[in-house]
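*Asks:* Quick one: structure below, then a few questions.
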Amino acid sequence: MFVKRLEMHGFKSFGDKTIFDLTPGITVVVGPNGCGKSNITDAVRWVLGEQSARHLRGTRMDDIIFGGTANRKPLSFAEVSITLDHSDGALGLDYQEVTVTRRLYRTGESEYLLNKRPCRLKDILELFMDTGIGKEAYSFIGQGRVDEILNARPEERRQIFEEAAGILKYKTRKREAQRRLAETAENLLRVGDIIHELS
Ligand code: ATP
């Protein structure tokens, strides 16, 4: 599996539709300070479900929408699509290519698409969990991340190993199941109370 294409429109400094076609191996992006190199990795993080504006170097989520320049008007939406070559079937989907798209409008509306079909953020997060590709995964080591990992508490550092070992998915599902069990237990208590009142 490798990143085959990254398409951005209205994302940060990419006011025009911009497409990167990538090949397996190493890709190096070079350019002067402030030309938008880090915005490319921000776009990858964002399309994979990043929810924190701070992690995208902003203060509000709509900071990622192209804000205009001296000669250009701001845009009303941002859209990023990432296409992965999926000929190895690593994600367990029956497609040769997997494309994830995320859109955000200034009105606050947002949407996710998986191979052009609307889906939930949860679907995207689950799809990439334990693959090393998710927004928090070790595939993306941003500036300062190495220091952050070295200075992290052991429990935080453990998450990275759990993702690599492929157990994060099961831990997440276990937490979800425990939450539902707790909800069901509460509902049962309530039902018990009602039965008691009626009898
Ligand atoms: P450096 O080499 O200094 O790390 P860089 O090439 O990584 O720089 P970025 O940080 O990716 O550059 O891009 C910064 C540029 O993106 C700035 O010029 C900033 O004005 C522009 N930018 C960020 N957000 C937006 C936005 N919403 N609309 C328009 N331009 C934006």
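The values are calculated or read from the model by the stated rules, or taken from the named source; none is laboratory data. Because the structure is predicted, anything quoted here is derived from the model rather than measured. Here the Cβ is made from the backbone with ideal geometry for all residues, glycine too, and neighbour counts use every protein chain on show.
*Asks:* Are any residues in the stretch 39-75 more than 12 Å from the ligand (Cβ to nearest atom) and more than 13 Å from the chain's Cα centre (by Cα), and if so, which ones?
*Replies:* Those that are more than 12 Å from the ligand (Cβ to nearest atom) and more than 13 Å from the chain's Cα centre (by Cα): 54, 71.
*Asks:* Within the stretch 65-83, how many residues are in contact with a helix residue (DSSP H, G or I) (Cβ under 6 Å, 6 or more places away or on another chain) and either closer than 13 Å to residue 12 by Cβ or free of Cβ contacts under 8 Å to residues at least 12 places away in the same chain (or both)?
*Replies:* 2
*Asks:* Also, I was wondering about something else. Enumerate the pairs (first residue in the stretch 13-29 and within 18 Å of residue 73 (Cβ to Cβ); second residue anywhere and within 15 Å of the ligand (Cβ to nearest atom) and assigned to a strand (DSSP E or B)) with beta-carbon separation below 7 Å, excluding pairs fewer than 6 apart on the same chain, so at least 6 apart or on different chains.
*Replies:* Within 7 Å, the pairs are 14/8; 17/9; 18/8.
*Asks:* Follow-up. Would you be able to tell me the number of residues in the stretch 122-143 that are of a type in the set (A, V, I, L, M), surrounded by 13 or more Cβ atoms within 10 Å (Cβ to Cβ) and without any contact (Cβ under 8 Å) to a residue 60 or more places away in the chain?
*Replies:* Result for the stretch 122-143: 3.
Here is a yes/no grid of residues against (1) over 17 Å from residue 104 (Cα atoms); (2) out of contact with any Pro (no Cβ under 8 Å at 6 or more places or on another chain):
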site: 47; (1), (2): no, yes
site: 60; (1), (2): no, yes
site: 66; (1), (2): no, no
site: 69; (1), (2): yes, yes
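*Asks:* Next question. Can you name every residue in the stretch 124-164 that is of a type in the set (Asp, Glu) and either closer than 15 Å to residue 100 by Cβ or in contact with a Cys (Cβ under 7 Å, 6 or more places away or on another chain) (or both)?
*Replies:* The answer is 126, and nothing else.
*Asks:* Separate question: Just wondering, is there one or more residues in the stretch 172-183 that are over 20 Å from residue 11 (Cβ atoms) and surrounded by 13 or more Cβ atoms within 10 Å (Cβ to Cβ)? Break it down into steps so the answer makes sense when it comes.
*Replies:* Residues of the stretch 172-183 over 20 Å from residue 11 (Cβ atoms): 172-183.
Pick out the ones that are also surrounded by 13 or more Cβ atoms within 10 Å (Cβ to Cβ) and you get 172.
Within the stretch 172-183, one or more residues are over 20 Å from residue 11 (Cβ atoms) and surrounded by 13 or more Cβ atoms within 10 Å (Cβ to Cβ).
*Asks:* While we're here: Quick check on my filter: what residues within the stretch 1-28 are farther than 27 Å from residue 116 by Cβ and among the aliphatic types (A, V, I, L, M)?
*Replies:* 26, 28
*Asks:* Select the strands (runs of 3 or more DSSP E) contained entirely in the stretch 54-121, then report the ones holding at least 2 residues which are surrounded by 13 or more Cβ atoms within 10 Å (Cβ to Cβ) and modelled with pLDDT of 95 or more.
*Replies:* Numbers: elements: 77-85, 97-105, 110-114, 117-119.
Filter on the stretch 54-121 gives 77-85, 97-105, 110-114.
*Asks:* While we're looking at this one, here's another question. State which residue pairs qualify: first residue at positive phi and inside the stretch 41-54, second residue of a type in the set (Val, Ile, Thr) and at pLDDT 90 or above in any location, beta carbons under 8 Å apart, and separation of 6 or more residues or different chains.
*Replies:* If the second residue must be of a type in the set (Val, Ile, Thr) and at pLDDT 90 or above, the pairs left are 49/124.
*Asks:* Tally time: how many residues in the stretch 3-21 are assigned to a strand (DSSP E or B), surrounded by fewer than 17 Cβ atoms within 10 Å (Cβ to Cβ) and among the basic types (Lys, Arg)?
*Replies:* Residues meeting the conditions: 1.
*Asks:* Given the options 17, 37, name the one that is more than 26 Å from residue 162 (Cβ to Cβ) and touching a His at 6+ places or on another chain (Cβ under 9 Å).
*Replies:* Values: 37 fails: touching a His at 6+ places or on another chain (Cβ under 9 Å).
None of the others qualify; the one that does is 17.
*Asks:* Looking at residue 162, is it in a helix (DSSP H, G or I), charged (D, E, K, R) and surrounded by 13 or more Cβ atoms within 10 Å (Cβ to Cβ)?
*Replies:* Yes.
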